[in-house]
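The values are calculated or read from the model by the stated rules, or taken from the named source; none is laboratory data. Small disclaimer: the values here were computed from a predicted structure and weren't measured. Side chains are part of the model used for accessible areas, which takes the heavy atoms of the whole protein and leaves out ligands, DNA and RNA. Shrake-Rupley method; radii C 1.70, N 1.55, O 1.52, S 1.80 Å.
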Amino acid sequence: MVFRKSAWVDLGFWLVYGLFWHLIFAPEPLTGPNLLISGILTFWQAVASYVHIRFLLQPRYAGLLSIPLYAVGTLLVIVISSLLSWTNLYAFFWSVLGDRALDVFLKNGWQYWTGALLGGMTMAVAFTGAIYLFGRRREQEKREAELEKARTEAELAYLRGQLNPHFLFNALNSIHVLIPRSPAEAQQALEGFSDLLRHQLYRSEEKLVPLAEELAHLRKYAELSRLRLEEDFLFALQVPTSPGEVLVPPMLLLPLLENAIKYSPKMGGKVTGIADLQEGRLHFTLTNKVGAPVVTPQKEQRAGGIGLTNIRRRLELLFPQAYNFTTTEQAGHYTVHLEIPLSE
């Protein structure tokens, strides 16, 4: 089929195509014989077009046909179809219009009809071939886009799956350290952990979640982490007064906080953060005092870590060429800055 959809679509196309040229070239468009002549011409143009598409443009023949062979094949299709339509016209003039009309047809056959048949056949084959190739290319692009989307979603799911055990391990380790020291605080921590776990199980698989919810869980995680650190550990997060219905990918900010807490000193640790909304973008910054040596993405990859390397890969998949993620270490402080476009 020319349009790769249905026979009815192709039939409608040929009716419009034949009628268009009939109205342009037929001397008396509304007479029956002229309509039949245009119908014969359009029929053989359609035959030539489908033979061209079926046997010369199919992908399975691409490796067998060189450009010269394709050109020869197309020329043969045009010439043979023109000869068949000329024969069909001869029979029509002879059987329907009579000897006088046949004499006129034969007299003008090589002067008019041959050029008209070859020209019309060539135009039909070229035009329908272009439509067919354009449609096939569009379908290929659509399939490639669907495959890329499926691959991206699978990779994002894999990356989220990498983050989840890492998050659970840190949270459980916090509670484990707290139990012998303060059972009451451990019970309170378990309640907070249940909220985090619920978020982990039911929200991390969604594409987008409210920014306010993500920021609230950052505070819960910081509080849970503080319980297993020295009591002088401080966490401060400045957030927008009214985030509204702003949405962000789930579990994207939490690994940044995990990393900041992980490499803060055990005594005198401090993590400060700012979440700001500017012109449809989220600017998120975390700064922590450096305790243990901070693991850069390159070092982390060699060590088998997943945090910052994982975040960068997720950002590349979620916001290709539309995000900014930088890290700096200066005067005993390590800062990460994330900038992403927002959804509402």
Nearest-10 value in Å² for the accessible area of residue 289, using the 1.4 Å probe: 80
Euclidean distance of C-alpha centroids, the range 182-209 and the range 3-47, integer Å: 69
Accessible surface of residue 38 - all protein chains present, 1.4 Å probe, nearest 10 Å²: 20
Under-5 Å amide H pairs with residue 270, H placed in peptide plane, nonlocal only: 234, 289
Among the listed pairs 220/289; 149/262; 5/142, those beyond 26 Å (Cα-Cα): 149/262
Alpha-carbon centroids, the range 70-90 and the range 313-344: separation in whole Å: 63
The range 233-241 - phi-based ³J(HN,Hα) in whole Hz, Karplus 6.51/-1.76/1.60, Gly and Pro as x: 5, 10, 9, 9, 10, 8, 10, x, 5
Estimated vicinal HN-Hα couplings, Hz - the range 318-325 in sequence order (Karplus 6.51, -1.76, 1.60; Gly, Pro = x): 7, 10, x, 6, 10, 10, 9, 9
Residue-level accessible surface for residue 114, protein heavy atoms, 1.4 Å, Å²: 30
